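Okay, so here's the structure we're looking at.
Throughout, read-outs are computed from the coordinates displayed, never taken from laboratory work. Only a predicted model underlies this, so the values are computations on that prediction, with no experimental measurement involved. Positions of Cβ are backbone-derived with ideal geometry, glycine not excepted, and every protein chain shown enters the neighbour counts.
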Amino acid sequence: MADVGRLALLAAGTVLLAACSGGADATHTGRPGSAADAGTDPVVLEPVEQSAPEDVPSALEDVGSPGLPAPLVDPARLQAGGPPPDGIPAIDEPRFERAGDLTWLDEDEAVLSLVVGASARAYPVQILIWLEIVNDTVEGTPVAVTYCPLCNSALAYDRRVVDRLVTFGTSGSLYLSALVMYDRQTESLWSQIEGRAIAGLLAGTELERIPVSTVPWGPWRDANPDGWVLSRETGHVRDYGRNPYTGYDRPDSEAFLLDEAADGRLPPKERIVAFPGATDSSAVRLSVLAEAGVLTVDVDGRPALLVAAPGLASSLDAADVAEGQEIAATGAFSPTVDGRTLTFGPDPSGAGAVDEETGTRWDVLGRATDGALAGSRLATVPHLDTFWFAWAAFRPDARLITGQ
């Protein structure tokens, strides 16, 4: 193993253990400028409700418990990541601050952008890099917003599962180097990247995806000045603003606890944009998209518009999350507006797209910012920004798209 790989794996293992440290009733220890520092009060917007725990065999305790269906994966491949179950605690009572009042995020820091109905919320990666799961409710829709630092995978799911309202925690296990969650109602195990239960009473059940994208804080705030942002007042002591996985995103470094050879078509941690299609699994190299600015690709027989914009800091590079190397933010959308399919090219400014039919400018959030269609918004297409090794491990038949 190369020295870079050894260092990355050692760092990841140390961090996974460190991530479960801290008191349950304490606040953050990150950079100044939090709501507490500013004298404002973060608020609970909607209570997180859940169904009662069920008296059923627990896959969290034993995937082979009598009475459970057969696991969908080889139990030997469920590897202990370091912390025990809930050693990396989920956020179960999220508190929020108004975007326009926030002072503790840098312009190019990564946030996860979630839109449900008319509500826009942002979940800073500097928090989720430590706590990984937020059980939330947005406009009455129960959601779980999740982030796996080891795979750089941000995904959101509906928490309604087979007549249950579940909440998720971290199981302490990894599968193919990726986060394995568990639901607190049946203690079934769930693959974060796949969005399905892989062991336990609910094995085979799939979660409904809710589109989420990783974008820079500055543009998100400017687009949503009245939007809500997850507060660092989480109830857990963590060094928010610091990156515990320093240097982990080097493209040629190895993945932590990946128990198979990485797909050799690309370096293990090359960044890609992936589409979990129903009939095929496509992926575009982020470097290709960033150079083109705009790509239109085929996903399950339908066109999908990919837009790249500069100005996003990698959260997994430098010791300070805000100081990471610059990468491109991405958005994926349907190119159809009011029943009319548009043709897009890159904005000459280098940030966003322009449609050929009306000359309207569109940003990486899918908003028409200037032109005849100003005020319109493109419908999102589910996509995933992640590392190549992770997508190829779960989707070995993934098709690499080379360009338009």
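Report, for the chain, the % of DSSP beta bridges that are antiparallel, rounded to 5.
On the way: 80 of 86 bridges.
Here the share of antiparallel DSSP bridges comes out near 95 percent.
Approximating the spin labels as points 7 Å out from Cα along Cα→Cβ, the Leu400-to-Ala118 distance works out to 4.7 nm. Placing +1 on the Cβ of every Lys and Arg and -1 on the Cβ of every Asp and Glu, with no other charges, gives the chain a dipole of roughly 420 debye about its Cα centre.
In terms of packing, defined here as the mean over residues of other Cβ atoms within 10 angstrom, the peptides 316-325, 44-53 line up highest first as 316-325, 44-53. Given q = 0.25 Å⁻¹, what are the Debye log10 I(q)/I(0) values for the range 257-356, with equal point scatterers placed on the Cα positions and solvent ignored? Debye curve over Cα of the range 257-356, log10 I(q)/I(0) at q = 0.25 Å⁻¹: -1.32. In this structure, Asp101 and Glu357 have a Cβ-Cβ separation that, at R0 = 45 Å, corresponds to a calculated FRET efficiency of about 0.70. Using equal-weight Cα scatterers in the Debye expression, the normalised intensity of the chain in log10 at q = 0.08 Å⁻¹ is -0.40.
A Förster radius of 30 Å, combined with the Cβ-Cβ distance separating Ala70 from Arg302, puts the computed FRET efficiency at roughly 0.30. Based on alpha-carbon atoms, the Kirkwood radius and the radius of gyration of the range 54-151 give Rg/Rh equal to 1.06.
Here the spin labels are modelled as points 7 Å beyond Cα on the Cα-Cβ line, and at Arg250 and Ala372 they lie 5.2 nm apart. Across the range 221-254, the residues whose backbone nitrogen lies under 20 Å from the label position 7 Å along the beta-carbon direction of Ala319 are 238-250. Among residues other than Pro94 with Cβ under 15 Å from its Cβ, the summed charge is -4 (Lys and Arg +1, Asp and Glu -1). If the label point is 7 Å along Cα→Cβ of Ala292, which residues in the range 348-372 have backbone nitrogen under 15 Å from it? Only 352-354 pass the distance filter.
Ranking of Trp391, Trp228 by neighbouring Cβ atoms within 10 Å, starting from the fewest: Trp228, Trp391.
Listing Asp347, Asp163, Asp183 from the residue with the fewest other Cβ atoms within 10 Å to the one with the most, what is the order?
Working: Asp347 19, Asp163 6, Asp183 30.
Ascending number of Cβ neighbours within 10 Å: Asp163, Asp347, Asp183.
All C-alpha to C-alpha distances of the range 87-126, sorted into 10 Å bins beginning at zero, yield P(r) values of 21, 56, 23, 1 percent in whole numbers.
What the pair-distance distribution of the range 53-96 shows, using all Cα-Cα distances binned every 5 Å from zero, is 5, 15, 19, 20, 19, 12, 6, 3, 0 percent. What separates the Cα centres of the range 122-172 and the range 177-217 is a distance of 9 Å. Note on the range 155-226: Cα convex hull, mean projected area over all directions, 6.1 nm². Counting Lys and Arg as +1 and Asp and Glu as -1 over every other residue whose Cβ lies under 10 Å from the Cβ of Pro268, the net charge comes to -2.
Ranked by the mean number of other Cβ atoms within 10 Å of their residues, highest first, the peptides 356-364, 141-149 fall in the order 141-149, 356-364. Across the range 81-95, the residues whose backbone nitrogen lies under 20 Å from the label position 7 Å along the beta-carbon direction of Val237 are 83-84, 86-92. Of all beta bridges that DSSP places with both ends in the range 271-401, some 90 percent have antiparallel geometry.
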